[in-house]
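Participant: My structure is below; once you've seen it, I'll send some questions.
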Amino acid sequence: MSFNTFGRVFRFTTWGESHGPALGAVVDGCPPGIAITEDDIQPWLDKRRPGQSRFTTQRREPDQVRILSGTFEGRTTGTPISLMIENVDQRSKDYSEVARAYRPGHADYAYDAKYGFRDYRGGGRSSARETAARVAAGAVARLVVPEVRIRAWVEAIGGDTIDLPAFDDAEIDRNAFFCPDAAAARRWEAKVDAARKAGSSLGAIVACEATGVPPGWGAPLYAKLDSELAAACMSINAVKGVEIGDGFAAAALTGEENADAMRPGNGGPHFLANHAGGIAGGISTGQPLRLRVAFKPTSSILTPVETITREGEASEIATRGRHDPCVGIRGVPVVEAMVALVLADQALLHRAQCGG
């Protein structure tokens, strides 16, 4: 059985393939009466759109979204919202070799083992092209929780990390890497160029912060806010790790170091630290939600790699086509979208149980 739907109350289902005529999402559970047009969705898709710099895939897709249902006179009706994005720049001939042999690190073999056949054109459903639909759905989710600001950025590429004291929020939108450190962005230009010219790729770490989340969202045990965020981000193509708050670094701290001490504040506690990333016991504390997402290097590379054919014979493959030398760069708006989708769902779940 395949699962193409995420969420509990605010749910979305994505559909379509990398080289099909179109892809999209159906968003269900959105409250009625929310003002929305394509113009509310398009800016987020534009952030993810391919071909905007030499540091991303050169596939030219306008990623123009159309709302097909679920709105009337510019407002949501409470019925399913169908979103469609046409594919206009497919080059399926680039994948003739992929039909014959599996790409190591990609989902080729795993898909074949599960289904007995696969859409090899760009990876079909396993392609990162599917994330355009998530970004469109995430734009709807942002309108459900307008009090929340979600901001993501690239924190490291190929092991080269930003200088945190140099963090400049405005700089994130000034360079091709969504990087808050101008000096790091300049270093990454040479780093990503070198990988691209060598026919290789690089991994990246994307950090994300959500502010304005009130205390109380989430639930203990099986619907923890942090587990939902982790599941959402782990579902993104090429993601191999998610940390909430200090994550693995917390394992090196003592109990007193890791404690987010509290003092009296105006209308609630004043926290002296945020090692927990704004979540305690699976429930938001009112502090900023903080998480980090690790993207592996793009598996489709021009460097020849040992593999096997579908018949089990030893072979070698170099993946042609247009691919991101660092998929984590365009992962920034996707991480933001998945966080927005989780928070919209959790806000509605909280209202359903606790009111308000």
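Participant: Report every pair of residues separated by at least 6 positions or lying on different chains whose Cβ atoms are under 6 Å apart, first residue within segment 143-171 and on the phi > 0 side of the Ramachandran plot, second open to solvent by less than 40 Å² (accessible area, probe 1.4 Å) and outside any strand (DSSP E or B).
Facilitator: The qualifying pairs are Gly158/Leu202.
Participant: Out of everything in segment 43-58 that is in contact with an Asp or Glu (Cβ under 8 Å, 6 or more places away or on another chain) and open to solvent by less than 60 Å² (accessible area, probe 1.4 Å), what residue ends up being modelled with the highest pLDDT? First the steps, then the outcome.
Facilitator: First pass over segment 43-58, keeping only residues in contact with an Asp or Glu (Cβ under 8 Å, 6 or more places away or on another chain): 44-46, 48-51, 54-57.
Checking the rest, the ones that are also open to solvent by less than 60 Å² (accessible area, probe 1.4 Å) come to 45-46, 48, 50-51, 55-57.
Values: Leu45: 95, Asp46: 92, Arg48: 90, Pro50: 70, Gly51: 65, Phe55: 70, Thr56: 71, Thr57: 64.
That would be Leu45.
Participant: Restrict the check to segment 254-265 and report whether at least one residue is in contact with a Ser or Thr (Cβ under 8 Å, 6 or more places away or on another chain), surrounded by fewer than 22 Cβ atoms within 10 Å (Cβ to Cβ) and either of a type in the set (A, V, I, L, M, F, W, C) or closer than 30 Å to Asp63 by Cβ (or both).
Facilitator: There is no residue in segment 254-265 that is in contact with a Ser or Thr (Cβ under 8 Å, 6 or more places away or on another chain), surrounded by fewer than 22 Cβ atoms within 10 Å (Cβ to Cβ) and either of a type in the set (A, V, I, L, M, F, W, C) or closer than 30 Å to Asp63 by Cβ (or both).
Participant: If you don't mind, another one. In segment 12-27, which residues are small (Gly, Ala, Ser) and closer than 13 Å to Gly124 by Cα?
Facilitator: Gly16, Ser18, Gly20, Ala22
Participant: Which pairs do you get when a residue that is at pLDDT below 95, found in segment 67-80, comes within reach of a residue that is surrounded by 14 or more Cβ atoms within 10 Å (Cβ to Cβ), reach meaning Cβ atoms under 6 angstrom, with the pair 6+ apart or on two chains?
Facilitator: Once the first residue is at pLDDT below 95 and sits in segment 67-80, no partner that is surrounded by 14 or more Cβ atoms within 10 Å (Cβ to Cβ) comes close enough.
Participant: Something else: Would you check if there is a residue in segment 211-225 being of a type in the set (A, V, I, L, M), loosely packed, with under 11 Cβ neighbours inside 10 Å and either at pLDDT below 95 or not in a helix (DSSP H, G or I) (or both)? Don't jump to the end; show me each part of the working.
Facilitator: As a first pass, look at segment 211-225 and keep what is of a type in the set (A, V, I, L, M): 213, 219, 221, 223, 225.
Imposing the further condition that a residue be loosely packed, with under 11 Cβ neighbours inside 10 Å reduces the set to 221.
Filter once more, so that each one left must be either at pLDDT below 95 or not in a helix (DSSP H, G or I) (or both): 221.
Taking every residue of segment 211-225 in turn, at least one turns out to be of a type in the set (A, V, I, L, M), loosely packed, with under 11 Cβ neighbours inside 10 Å and either at pLDDT below 95 or not in a helix (DSSP H, G or I) (or both).
Participant: Quick one: in segment 232-249, which of the residues that are touching a Phe, Trp or Tyr at 6+ places or on another chain (Cβ under 8 Å) and open to solvent by 30 Å² or more (accessible area, probe 1.4 Å) is nearest to Thr131 (Cα to Cα)?
Facilitator: By that ranking, first place goes to Ser235.
Participant: Continuing with the same structure: For segment 283-293, give me the residue count where each residue is open to solvent by 40 Å² or more (accessible area, probe 1.4 Å) and of a type in the set (A, V, I, L, M).
Facilitator: Residues in segment 283-293 being open to solvent by 40 Å² or more (accessible area, probe 1.4 Å) and of a type in the set (A, V, I, L, M): 1 in total.
Participant: For a quick check of your reading of the model, give me the residue pairs whose first member lies in segment 176-201 and is at positive phi, whose second is at pLDDT below 95 and surrounded by fewer than 21 Cβ atoms within 10 Å (Cβ to Cβ), with beta-carbon atoms closer than 6 Å and at least 6 apart or on different chains.
Facilitator: As it stands, the answer is Gly199/Leu302; Gly199/Thr303, since those pairs meet every condition given.
Participant: Still on this structure, I have one more. For segment 169-209, how many residues meet the condition of being more than 18 Å from Lys296 (Cα to Cα), more than 18 Å from the chain's Cα centre (by Cα) and open to solvent by 60 Å² or more (accessible area, probe 1.4 Å)?
Facilitator: Count: 6.
The values are calculated or read from the model by the stated rules, or taken from the named source; none is laboratory data. As the structure is a prediction and not an experimental result, all values here were calculated from the model. Because the Cβ atoms are built from the backbone with ideal geometry, glycine has one as well, and the counts that use them run over all protein chains shown. Only protein heavy atoms, including side chains, enter the accessible area calculation; ligands, DNA and RNA are left aside. Shrake-Rupley method; radii C 1.70, N 1.55, O 1.52, S 1.80 Å.
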